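K.L.:
Before I ask anything, here is the structure I am working with.
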Amino acid sequence: MKDVVLSGIRSTGKLHLGNYFGALSKFVKMQEDYDCLYFIADLHALTTHPDASALHDNVKDIVAEYLAAGLDPEKATIFVQSDIPEIPELYLLLNMHVGIGELMRTASFKDKARKALGISRDGSDDEIEKDILGNESNSKRVNAGLLTYPTLMAVDILIQKAKYVPVGKDQEQHLELTRRFARRFNAFYGVDLFPEPTNFDFGGKPVKVPGLDGSGKMGKSEGNCIYLADDEKTLRKKVMRAVTDEGPKAPNSEMTEPVKNLFTLLELTSTPEIVTQFRDAYADCSIRYGDLKKQLAEDILKITLPIRERFLDIRSNDEYIAKVVREGAERARERAAKTLAEAREAMGIRRFW
Ligand code: ADP
Ligand code: TRP
């Protein structure tokens, strides 16, 4: 039997190069050798983006992008989280064994709670708790769904008994919590129900795709994204506008962060020969950033344009998208229902009829 792999992306907008190199390209590679389930985390999207008019289209976008990037519904199970009612039921049950303190200390909760409250400073755990709990209006602006986000994510993983969860570095803490909840449940009820999942290591270092604005990672909320669905003109413009510096002043000088970021992107998208050529040009001060950017735009387009074309094609085919997620949901539900029945049994929840 093949090992089970599961991962998902929230339906909060179109996918960018960070999502592609951090997650989606790994999903595609893994479908060849593992029993893979990939889903669209639309319930998780509601924790921060409760937009009823956009949600359904956002889900369709991600399904189409999964397929356009090379996920094959014959090889992997592709489904939408909200199509699996067993997930919210197990989420309720698992929450009985999750502490509100450990949820409040989760880094992603603190970040997102700060954002919801418009607080930009870093603060200690105590300060954040005070900001949220000590103020009547703030305490309503941070929703309980956001607090229990890690429980829901743990359930996504545990209900399919996944062994590997390919995700970017920023999700490691959620995986750590998932393992902790699994251990706790198994120990409390004296069962061996949930395996402890780990991230999947391809042997390289975890990727963090930078933005083109000089610092930090590429992210939807950062406004610095190159989207898989960007058209050629838009994409070229974004790359040509990338932040750089005045150029190396002396041979072999240290690179500034914006320039390092351009090289990181070039390494992800170009050939080793081209990377070496530009590194040498940087080292001997003959580099022209305009040439580097032109090359980078070409290499990114080689990856994204075919995805964009397939995306536009699939996105206009509602029937095909519906078929893929209907069949995916059937398969995912069957497995989820089995695990849920085992969890209910372990907890002593029995029917009278
Ligand atoms: P965003 O940060 O844009 O909201 P998500 O949080 O929805 O993106 O991330 C979905 C997946 O893509 C996760 O597995 C995450 O680790 C990965 N990911 C997102 N941005 C990056 C990035 N800049 N570099 C590497 N991986 C990323
Ligand atoms: N939290 C993940 C993110 O922001 C999305 C997600 C939800 C997920 N449930 C999951 C990822 C289960 C992997 C497995 O990217």
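K.L.:
Consider segment 266-275. How many of its residues are out of contact with any helix residue (DSSP H, G or I) (no Cβ under 6 Å at 6 or more places or on another chain), open to solvent by less than 70 Å² (accessible area, probe 1.4 Å) and part of a helix (DSSP H, G or I)?
P.N.:
Here the count works out to 1.
K.L.:
Follow-up. Of all residues in segment 151-160, which are near ligand 2 (Cβ under 8 Å from one of its atoms) and of a type in the set (Val, Ile, Thr)?
P.N.:
Ile157
Table: residues versus (1) within 30 Å of Glu334 (Cβ to Cβ); (2) modelled with pLDDT under 95.
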| residue | (1), (2) |
| --- | --- |
| Arg183 | yes, no |
| Asp192 | yes, no |
| Asn199 | yes, yes |
| Gly203 | no, yes |
| Gly219 | no, yes |
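K.L.:
Taking the condition of being within 23 Å of Gly22 (Cβ to Cβ) and more than 10 Å from ligand 2 (Cβ to nearest atom), how many residues in segment 141-150 meet it?
P.N.:
If we filter segment 141-150 for residues that are within 23 Å of Gly22 (Cβ to Cβ), which is where we start, we get 146, 149-150.
Those still in the list that are more than 10 Å from ligand 2 (Cβ to nearest atom) too: 146.
Within segment 141-150, residues that are within 23 Å of Gly22 (Cβ to Cβ) and more than 10 Å from ligand 2 (Cβ to nearest atom) number 1.
K.L.:
Okay, next question. Using the structure shown, decide if Lys75 is surrounded by fewer than 22 Cβ atoms within 10 Å (Cβ to Cβ), at pLDDT 95 or above and outside any helix (DSSP H, G or I).
P.N.:
Considered against the rule, which asks whether it is surrounded by fewer than 22 Cβ atoms within 10 Å (Cβ to Cβ), at pLDDT 95 or above and outside any helix (DSSP H, G or I), Lys75 comes out as yes.
K.L.:
Hey, another quick one. Mind checking whether some residue in segment 135-148 is open to solvent by 20 Å² or more (accessible area, probe 1.4 Å), touching a helix residue (DSSP H, G or I) at 6+ places or on another chain (Cβ under 7 Å) and within 17 Å of Leu193 (Cα to Cα)?
P.N.:
Scanning segment 135-148, I find no residue that is open to solvent by 20 Å² or more (accessible area, probe 1.4 Å), touching a helix residue (DSSP H, G or I) at 6+ places or on another chain (Cβ under 7 Å) and within 17 Å of Leu193 (Cα to Cα), so the answer is no.
K.L.:
When segment 17-45 is examined, which residues are found to be among the small types (Gly, Ala, Ser), more than 10 Å from ligand 2 (Cβ to nearest atom) and more than 11 Å from the chain's Cα centre (by Cα)?
P.N.:
As a first pass, look at segment 17-45 and keep what is among the small types (Gly, Ala, Ser): 18, 22-23, 25, 41, 45.
From what is left, the residues that are more than 10 Å from ligand 2 (Cβ to nearest atom) are 18, 25.
Answer for segment 17-45, where residues must be among the small types (Gly, Ala, Ser), more than 10 Å from ligand 2 (Cβ to nearest atom) and more than 11 Å from the chain's Cα centre (by Cα): just Ser25.
K.L.:
For segment 207-243: of the residues being open to solvent by 80 Å² or more (accessible area, probe 1.4 Å) and not in a helix (DSSP H, G or I), which is farthest from Val165 (Cα to Cα)?
P.N.:
For segment 207-243, the residue satisfying everything is Arg241.
K.L.:
Further question on the same structure: Taking the conditions exactly as written (more than 12 Å from ligand 1 (Cβ to nearest atom) and either open to solvent by 20 Å² or more (accessible area, probe 1.4 Å) or basic (Lys, Arg) (or both)), does Tyr20 satisfy them or not?
P.N.:
no
K.L.:
So which of Asp57, Asp83 is surrounded by fewer than 19 Cβ atoms within 10 Å (Cβ to Cβ) and within 15 Å of ligand 2 (Cβ to nearest atom)? Steps first, please.
P.N.:
Working: Asp57 fails: within 15 Å of ligand 2 (Cβ to nearest atom).
Just a single option satisfies the conditions, and that option is Asp83.
K.L.:
Within segment 161-185, track down each residue that is open to solvent by 10 Å² or more (accessible area, probe 1.4 Å), within 11 Å of ligand 2 (Cβ to nearest atom) and not in a helix (DSSP H, G or I).
P.N.:
Within segment 161-185, Tyr164, Val167, Gly168 meet the criteria.
K.L.:
Residues being more than 14 Å from ligand 2 (Cβ to nearest atom), at negative phi and either free of Cβ contacts under 8 Å to residues at least 60 places away in the same chain or touching a strand residue (DSSP E or B) at 6+ places or on another chain (Cβ under 8 Å) (or both): count how many of those fall in segment 197-215.
P.N.:
Going through segment 197-215 one residue at a time, the tally reaches 8.
K.L.:
From the list Leu92, Leu24, Leu43, Leu67, pick out the single residue that is more than 26 Å from Asp3 (Cβ to Cβ), assigned to a helix (DSSP H, G or I) and not acidic (Asp, Glu). Can you show your working first?
P.N.:
On the way: Leu24 fails: more than 26 Å from Asp3 (Cβ to Cβ); Leu43 fails: more than 26 Å from Asp3 (Cβ to Cβ); Leu67 fails: more than 26 Å from Asp3 (Cβ to Cβ).
After applying the criteria, what remains is Leu92.
K.L.:
A further question on this structure: In this structure, does Asp291 turn out to be closer than 30 Å to Ser253 by Cβ, assigned to a helix (DSSP H, G or I), open to solvent by 20 Å² or more (accessible area, probe 1.4 Å) and not basic (Lys, Arg)?
P.N.:
When the stated conditions are applied, Asp291 passes them.
K.L.:
Continuing with this model, one more query. Scanning for something in a loop (DSSP other than H, G, I, E, B), within 10 Å of ligand 1 (Cβ to nearest atom), buried (at least 21 other Cβ atoms within 10 Å of the Cβ) and of a type outside the set (Asp, Glu), does segment 27-39 turn up at least one residue?
P.N.:
Taking every residue of segment 27-39 in turn, none turns out to be in a loop (DSSP other than H, G, I, E, B), within 10 Å of ligand 1 (Cβ to nearest atom), buried (at least 21 other Cβ atoms within 10 Å of the Cβ) and of a type outside the set (Asp, Glu).
Matching residues to (1) charged (D, E, K, R); (2) open to solvent by 40 Å² or more (accessible area, probe 1.4 Å); (3) under 30 Å from Glu74 (Cβ atoms); (4) not in a helix (DSSP H, G or I):
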position: Tyr282; (1), (2), (3), (4): no, no, no, no
position: Ile303; (1), (2), (3), (4): no, yes, yes, no
position: Gly328; (1), (2), (3), (4): no, no, yes, no
position: Arg331; (1), (2), (3), (4): yes, yes, yes, no
position: Leu340; (1), (2), (3), (4): no, no, yes, no
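K.L.:
Sticking with this structure for a sec: Given the criteria free of Cβ contacts under 8 Å to residues at least 12 places away in the same chain, part of a helix (DSSP H, G or I) and not aliphatic (A, V, I, L, M), does Ser53 qualify? Spell out the reasoning first.
P.N.:
Working: free of Cβ contacts under 8 Å to residues at least 12 places away in the same chain: yes; part of a helix (DSSP H, G or I): yes; not aliphatic (A, V, I, L, M): yes.
Yes; evaluated as a whole, the condition is true for this residue.
K.L.:
Can Lys14 be described as assigned to a loop (DSSP other than H, G, I, E, B), under 16 Å from Arg310 (Cβ atoms), away from ligand 2 (no atom under 12 Å from the Cβ) and open to solvent by 40 Å² or more (accessible area, probe 1.4 Å)?
P.N.:
Considered against the rule, which asks whether it is assigned to a loop (DSSP other than H, G, I, E, B), under 16 Å from Arg310 (Cβ atoms), away from ligand 2 (no atom under 12 Å from the Cβ) and open to solvent by 40 Å² or more (accessible area, probe 1.4 Å), Lys14 comes out as yes.
K.L.:
Report every pair of residues separated by at least 6 positions or lying on different chains whose Cβ atoms are under 8 Å apart, first residue within segment 308-327 and farther than 20 Å from Phe39 by Cβ, second of a type outside the set (A, V, I, L, M).
P.N.:
Arg308/Asp230; Arg308/Asp231
The values are calculated or read from the model by the stated rules, or taken from the named source; none is laboratory data. Quick caveat: nothing in here was measured; it's all calculated off a predicted structure. Every residue, glycine as well, gets a Cβ built from its backbone with ideal geometry; the counts of neighbours run over all protein chains shown. Areas reflect the complete protein model, heavy atoms only, side chains present, ligands, DNA and RNA absent. Shrake-Rupley method; radii C 1.70, N 1.55, O 1.52, S 1.80 Å.
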